[in-house]
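All of the numbers you see were taken from the coordinates with simple rules; none came from a lab. On a predicted model such as this, the values are computed, not experimentally measured, just so you know. Heads up, the Cβs are rebuilt from the backbone with ideal geometry, glycines too, and the neighbour counts pull from every protein chain shown.
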Amino acid sequence: MPDDDVPRGLRVAASYSWRLLVIGTVIYAAVSLLSRLEFVVIAVFIGLVITALVGPFVRVLDRFLPRGLAVAIGLVVSITVILGVFTFIGAEVAGQLPTLSAKFRSGIQEIEDWLQDGPLHWDASRIETYAEELRNWVDANQATLAERAIGGAGTVAEVLTAFILAIFTSIFFLAGGERIWDWLLSLVSRRQRPRVDGAGMVAWGTFAGYTRGIVIVAGTNAVLVAIGLTILRVPLSVPLALLVFFASFIPIVGAPIAMIVAAIVALAAQGPLTALGVIVMIALIGQFEGHVLQPLVMAKAVSIHPLAVALAVAAGTVLAGIVGAVIAVPVVSVIYAVGRFWVHTTPRQPGRGDAPAIDPTGTGAAGG
């Protein structure tokens, strides 16, 4: 059939369809490859996180010291501080973890008693059925969750290897990230090189901004929770604050879930009034984070809709468990920022002497 006999709308739809199929096939192949290299991907991701966090400190040292020495001092000081903090917190948690577990179970039991004796009047068999299903699910999935949480690294040796690989990659990123990027740009045509360079700068700026921002948000949440629990005289405030810190790396759902655990512990330790106080504290901290902290710290790094954040977290959890939930939002943020930048820029035209001015913000206004 001649093309002229085919309606234009159908021809356009067919053109889009085969291009989307090609793109989908490439994305599927890339995801399949990355899933097979999950161990390496996670190590490199952690290396990028270390680079984003330590980079500002190294840049300050670089003003007074050789680059290599600045990188070495920056990494050693940062790792020493982090290990010192976690050693102190770990000692606190190790001594109180059995008590935390017992308090949590006691709080769950009090909730079950209230459901049975309170206004809902649930029968004991119904409560026991739900509780048993939850326990069975946790027992059946805890190994899988733990395995996914460390990206399939099932032994201490593999975890240590991943950490060493992450440090190794971060050393090269910090010491010669510009040279690595220049080498990658050399693989791109001259016409597209300025545009790809700008997209890379946007991608790194978004990732680094998100990484630093989420650490600030998580740390602030943990400090506020620790202060609030101490004021309310809830025991185990340090382990619970640490739980909130790590859970905050999963946007939207992480911190509230951790704070619900704190409320259950408060219920078991101090009674319903204190638990109510913890719930009020959860609401206040959530409002502070959503309306003050997130816009102040994360606005420049993450500009995607909350629905997109929620869907990204859900998709990441389905695809890669806890690790997927943690990395989903930065990945989606980078993709969105690069796509927005790409739409608002054009490649250099043949015959032009200079590259066009590129706006790293992706707003379309040319920069100098």
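Here are the numbers:
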quantity	calculated
Candidates per trypsin sites (Lys or Arg not before Pro) in the range 7-72, loop by DSSP, up to 10 other Cβ within 10 Å	ARG63
3J(HN,Hα) from dihedral phi, the range 186-191, Karplus parametrisation 6.51/-1.76/1.60, rounded to Hz, x for glycine, proline	5, 7, 9, 4, 4, 5
Gap separating the Cα centres of the range 278-296 and the range 1-61, nearest whole Å	34
Coordinate range along principal axes, alpha carbons of the range 203-270, Å, largest first	48, 19, 13
Theoretical gain in end-to-end length, TRP181 to ARG59 [0.36 nm per residue, Cα-Cα removed]	42.1 nm
Contour excess over end-to-end distance, with Cα ends at VAL12 and TYR28 and 0.36 nm allotted per residue	3.4 nm
Under the Karplus curve 6.51 cos²θ - 1.76 cosθ + 1.60, θ = phi - 60°, whole-Hz ³J(HN,Hα) for the range 212-222, x wherever Gly or Pro sits	5, x, 5, 5, 5, 4, 5, x, 5, 4, 5
Estimated D of the range 246-287 in µm² per second, where Rh is the Kirkwood radius over Cα pairs and Stokes-Einstein applies at 25 °C, 0.890 mPa s	238
Residues ARG19 and VAL223, FRET efficiency given R0 of 35 Å [Cβ-Cβ distance, rounded to 0.05]	0.10
Karplus (6.51, -1.76, 1.60) ³J(HN,Hα), θ = phi - 60°, over the range 316-326, in Hz, Gly and Pro reported as x	x, 5, 5, 7, 9, x, 5, 4, x, 5, 6
Average Cα contact separation per residue, the range 225-300, under 8 Å, 6 or more apart, as relative contact order %	26
Separation of the SER78 and SER106 label points, Cα + 7 Å toward Cβ, nm	4.2
